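Beneath this line is the structure, given in structure tokens, with notes to follow.
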Amino acid sequence: MSDRITAELLSRWVHEFSALVSVHHDRLNALDAAIGDADHGTNLDRGFTVVAAGLPTAPQRPGDLIRHVGRTVVSNVGGAAGPLFGTFFVCLGDAIGNDPALDTRRFALGLRAGLAGVVARGRAEPGDKTLYDVLAPAVDAIDAAALAQYDLPDVFHAGLLAASAGRDSTIDMLARKGRASYLGERSVGHLDPGATSACLLFTAATLSVT
Ligand code: ADP
Ligand code: MG
């Protein structure tokens, strides 16, 4: 199979993510109830329902499509997650450009630009118990797998394994950013909701190629 990433595949990815957010809506709210304000699932689901509904009429070139998704997320997702997830997609879209079919290496660089956008906006550092703790290891794993010329499903699978480990690593972390940081020591022992939803990005990626 081709390891090229087309706008159609990117659209499937975003669609799968929206579907997963909808399925996991209550669980994401429950995770946020433990260390925040119980709205993370609702925030994301509201925004990505709008995003998914707009996919059939969204721009059909990779960079334009993903930038459009990012802008829709910024305007429709509330809480801290809206600007953070939105910036991730906008920066990813800017970085991948409009080549009709990207290779995995270029996509990995795009994901790294998305991560840099999240950091520029939220200033999260490793171990702060945020999306960063999923995105950073997943991007590294995808980058390494792309460099090693793995097939596309294996590249995404490597990303998912690293993302899942990153998500689980947030349980023992003390939150240093966002609402959960107000809890101090009491934030330890809970999965971070944003890390959990960020991990779904990589589940969605694997689903988009199977
Ligand atoms: P809010 O905290 O405004 O209610 P959400 O509940 O939608 O927003 O999102 C909470 C998630 O946002 C957290 O679980 C965390 O992963 C993420 N988050 C919060 N602040 C930051 C930040 N500065 N950088 C990266 N991620 C952050
Ligand atoms: Mg919240």
Report, please, the projected area of segment 5-208 averaged over directions, based on the convex hull of its C-alpha atoms, in nm².
9.3
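With +1 on each Lys and Arg Cβ and -1 on each Asp and Glu Cβ, how big is the dipole of segment 78-210 about its Cα centre, in debye rounded to the nearest 20?
Values: 11 positive and 14 negative charges, 100 e Å.
Charge dipole, segment 78-210, about its Cα centre: 480 debye, nearest 20.
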Per-residue ellipticity at 222 nm attributable to helices in the chain (runs of n ≥ 4 DSSP H, -39500 (n - 2.57) apiece, nearest 500 deg cm²/dmol) works out to -22500 deg cm²/dmol
Residue by residue, what Karplus-based ³J(HN,Hα) values in Hz, rounded to whole numbers, does segment 159-171 have, using 6.51, -1.76 and 1.60 with θ = phi - 60° and x for Gly and Pro?
x, 5, 4, 5, 5, 5, 5, x, 4, 5, 5, 6, 4
For M173, distant residues with modelled amide H under 5 Å away:
G189
Per GNM of the chain with C-alpha springs under 10 angstrom, the most fluctuating residue out of G54, G117, G63 is G54
Between Y182 and A165, what is the label-point separation in nm under the 7 Å Cα-to-beta-carbon projection?
3.5
Of the candidates A198, A124, A138, which one comes out as most mobile in a Gaussian network treatment of the chain with C-alpha springs shorter than 10 Å?
A124
Express in nm, to one decimal, how much length is gained between A33 and T49 on full extension, taking 0.36 nm for each residue of separation and deducting their alpha carbon distance.
3.6 nm
Pick out which of A53, A113, A146 has the largest mean-square fluctuation in a Gaussian network model of the chain, springs linking Cα atoms closer than 10 Å.
A53
The rounded separation in angstrom of the Cα centers of segment 98-152 and segment 29-63 is 20
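Pairs of alpha-carbon atoms within less than 8 angstrom and 6+ residues apart define the contacts here; what relative contact order does the chain have, in percent? Write down the numbers at each step before the final one.
Details: 396 pairs, mean separation 48.5, N = 210.
Rounded, it is 23 percent for the chain.
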Accessible area per residue, Å², the chain with all protein chains present, probe 1.4 Å:
43
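The values are calculated or read from the model by the stated rules, or taken from the named source; none is laboratory data. Predicted model, so just to flag it, every value in this text is computed and none were measured. Cβ: placed from backbone, ideal geometry, glycine included. Neighbour counts: every protein chain shown. All accessible areas refer to the heavy atoms of the entire protein, side chains included, with ligands and DNA or RNA removed. Shrake-Rupley method; radii C 1.70, N 1.55, O 1.52, S 1.80 Å.
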